[in-house]
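What follows is a set of notes on a single structure, which appears directly below.
What follows is calculated from the coordinates using simple rules that are stated; it is not laboratory data. Since we're looking at a predicted model, the values are computed, not measured. Cβ coordinates were reconstructed from backbone atoms using ideal geometry, including for glycine residues, and neighbour counts include every protein chain displayed.
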Amino acid sequence: MVIAHLLLPVSLLAQDYVAPRDEFGYPDLNGVWNFNDSTPFERPTSFGDREFLNEEELAAKFNRLASSQARRSQREQDVAQRVLEVPTDDTGAYNTFWSYYDEPFPNTRTSMIIYPGNGRIPTTQNGVITQRSPPPSNPCNDGLVVIADRPSRISFGAISCDRPEDFGLASRCLLFPQTTGPYIKANSYNNNVQIVVTRDYVMLYTELGNDPRIVRLDNSPFLDHRIATWTGSSRGRWEGDSLVVETRHF
């Protein structure tokens, strides 16, 4: 599966843009990047193998974004009043001032997955166990989702609310699905990532969760398959001007 990470605005991609180079001669990715984007991870089946929106679909996307922003603005006064009435130690005491939904450079892709051609997650191999979070309205699971084993490796819900170890990883602020990777997905806030590139390493440091992801570029082997981590073992390489990162052993 190949995921496209777009760090350049569409208007630049459409022109004869020449990316600046770092000291090693590769495109300079160093900096702090905003990844606000509503492009879905998987492509809706209605698009088939079509990778890009047409002009009419793009205009409809802009209209949806504008309408959503207008609705949020209308709710702001009521939300601000309710925020004043909640305890100061409530971690949910935010109004939309702290949220950021704009898309500075909306792209025209129909999905972030570009391979396979249908833009969908491939079928997992036989024997692979997939753990899925229960609906957000069911934070304690209540036996509705079967978790094969401990420890919990899903974001929300998990096994039960009986003890901290049975909560989801995001509920415990250990790991967030939006920024764990390989795919980085926009959240309602903290949609920034700092990228640092050296000759032998790339570091991606996300604002949400503050999880640094280290990608080695030195042709070193992957970690042994018996060593599995939440973020996997990542190895990268340059193919022309593209930085290709492969991640295994989650």
Requested in this report: Quickly rank 203-211, 105-113 as a protection proxy: mean count of other C-beta atoms within 10 Å, highest first.
Outcome: 105-113, 203-211
**Report entry** Total formal charge among the other residues, if their Cβ is under 15 angstrom from that of Gly236, Lys/Arg +1 and Asp/Glu -1
**Finding:** 0
Query raised in the report: Which cross-chain or sequence-distant (5 or more) residues have an amide H under 5 Å from the amide H of Tyr201, H modelled 1.01 Å from N in plane?
Result: Leu217
Report task. Please give the length that would be gained between Val196 and Asp162 if that part of the chain were fully extended, namely 0.36 nm times their separation in residues minus their C-alpha to C-alpha distance (nm, one decimal). Result -> 8.2 nm
Query raised in the report: How do the peptides 25-35, 116-126 rank, highest first, by the average count of neighbouring beta carbon atoms within 10 Å per residue?
Result: 25-35, 116-126
Requested in this report: Write down Rg/Rh for the range 204-250, rounded to two decimals, with Rg from the C-alpha atoms and Rh from the Kirkwood relation over Cα pairs.
Outcome: 1.00
Report summary line: Lys and Arg at +1, Asp and Glu at -1: neighbours of Phe24 with Cβ under 11 Å from its Cβ sum to -2
Query raised in the report: Highest mean first, what order results for 43-53, 179-189 on Cβ atoms within 10 Å?
Result: 179-189, 43-53
